[in-house]
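Contents: one structure, followed by commentary.
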Amino acid sequence: MDMNRRHLIGGSAAGVAGALAMSPDAARAAPLTSTFGRDVTQFGVRPGAPDDQTAKLQRAIDEAARAQAPLALPPGVYRTGMLRLANGTQLVGVRGATKLVFTGGSSMFLGESAGSLGLTGLTLDGGNIPLPPRQGLIHCLGGRDVRIAGCEITASGGNGIWLEQVSGDISNNIFRKIAATAVVSFDGKGLIVSRNTIIDTNDNGIEILRTAIGDDGTLVLDNRIEDIKAGPGGSGQYGNAINAFRAGNVIVRGNRIKNCDYSAVRGNSASNIHITDNSVSNVREVALYSEFAFEAAVIANNTVDGAAVGVSVCNFNEGGRIAVVQGNIIRNLLPKRPIGTAPDDDAGIGIYVEADTTVTGNVVENAPSFGIIAGWGKYLRDVAITGNVIRNAFVGVGVSVLPGAGTALVSNNMISETPRGAVVGLDHARTITTDLSAEGAQRHVQVVVGGNAVRR
């Protein structure tokens, strides 16, 4: 009895898997159905039909979900408006061959309090039809174990995927030409966003957001994100590859990020954020950002090649504090911010920090203004800058020395080719001292300088 049961289950699953693995031509000849699932054509849906098939597709989705069976969509083009996803809906297509073309509505797929959803191997073409604000071509409100994998989402007139209070896995998808943001998660319940390709969005690449500061724990791993524009303008809300806002305990790791109007990774009021092992090039503002009301950020082992500022850990005045900035390679900083960003903001800085932070083991090269800065006016407290290599910077290390500024330690760094000085005191962004590392230089009680290897 057990052997027969195993045989039947294995054979059914293999039937679906085998059909999905076929070439498009072979798949067209073999129906995507078995005792394991349902074929959408059984419900009168016709691949390639010129008419809108929303009603028939909806019936097929409802019936398959009621039977707790996957619904297979054979290769072809399906024209459809909004489709509601019931609890347990599983839609399976042939990657690159099953295409749904949007005819209009607030979304193409809507799931409300529906869990155990699965969308696999589908191409969704939004046709650049405008969506209402805060809507995605795929829109899920509530739901556990939502899994979207191996899909392509293109030409969305709003967001690509919009999730609220959702757990699950968004992986191995392709997003192209998205009018807003590729993936938005509000108040996530345990989400993984991994191994996606995101190219050409008008707002941001990935947004991990919460309505109030709190634990989130979303994992953003191994994505490729390129060509992110700040279409709506603003001063940093848009034009970022990855945004974490009010979301605590988010991990951003192993992403390849290129060509963003603003930041590669921007943590705003996002405590305990980890930004590690990312490769960043050609971003036009701060590459890696932890700002405003956060506590505890780890920014480690990233490479940044081309940005206005490499790393910024700031807003001690808003409560921002505690960070480790370690093992990053930061080079080829821009001398000024490009048109379209805030042109008067600082540029040409490798690393900027303010409070309760260690900066160690980093390499900064080709910084037109400062290799590393500690503090902004009186906003400086307990910063250690040790064991870094800084070369070819106008100033090696700048430290605030204004009244009210706290303590900074600058020791055991390798600093070379810094014509304005290896270590200097600052009044905000303005140098006001000679080189504090030189013999006989004026001392400031709150700045400890020693053991640096300086090549002038």
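Each residue of region 232-247 was assigned a 3J(HN,Hα) from its phi angle through the Karplus expression (A = 6.51, B = -1.76, C = 1.60, θ = phi - 60°), giving x, x, x, 10, x, 5, 10, x, 10, 5, 9, 10, 10, 10, 6, 9 Hz with x at Gly and Pro.
Put a plus charge on the Cβ of each Lys and Arg, a minus charge on the Cβ of each Asp and Glu, and nothing anywhere else: the dipole of the chain about its Cα centre is then about 720 debye. Near GLY127, the amide H atoms lying under 5 Å from its own belong to PHE102; only residues 5 or more places off or on other chains count, and H is placed 1.01 Å from N. For the chain, the longest principal axis of the C-alpha atoms and the axis of helix 2-21 are separated by about 70°. Couplings 3J(HN,Hα) of region 124-134, computed from phi: 10, 9, x, x, 6, 6, x, 9, x, x, 6 Hz, in residue order, whole Hz [Karplus 6.51 cos²θ - 1.76 cosθ + 1.60, θ = phi - 60°; x for Gly and Pro]. Within the shell defined by Cβ-Cβ distances under 15 Å, the residues around ILE178 carry a net charge of -3, with Lys and Arg each +1 and Asp and Glu each -1.
Filter the cross-link list LYS336/LYS378; LYS56/LYS189; LYS56/LYS177 down to pairs whose alpha-carbon distance in this structure exceeds 27 Å.
LYS56/LYS189; LYS56/LYS177
Helix 54-66 and the longest principal axis of the C-alpha atoms of the chain enclose an angle of approximately 90°.
For region 314-456, what proportion of DSSP beta bridges, expressed in % and rounded to the nearest 5, is antiparallel? Bridges in region 314-456 are about 5 percent antiparallel. Residue-wise HN-Hα couplings along region 369-374, as the Karplus relation 6.51 cos²θ - 1.76 cosθ + 1.60 with θ = phi - 60° gives them from phi, are 10, 10, x, 9, 10, 10 Hz; Gly and Pro carry x.
Quick one: dipole size for region 37-157, taken about the Cα centre, charges +1 on Lys/Arg Cβ and -1 on Asp/Glu Cβ, in debye to the nearest 20.
Details: 12 positive and 9 negative charges, 19 e Å.
Charge dipole, region 37-157, about its Cα centre: 100 debye, nearest 20.
Remark: SER113, SER312 ranked as SER113, SER312, counting other beta-carbon atoms within 10 Å and listing the fewest first. This ranking places VAL45, VAL324 by how few other beta-carbon atoms lie within 10 Å of each, fewest first, which gives VAL324, VAL45. The ranking of TRP376, TRP162 by Cβ neighbour count inside 10 Å, starting from the fewest, reads TRP376, TRP162.
Bear in mind that the values in this text are calculations on the coordinates, not laboratory data. Just so it is clear, the structure is predicted and the values come from calculations on it, not from any experiment. Note: ideal-geometry Cβ built from the backbone for every residue, glycine included; neighbour counts use all protein chains shown.
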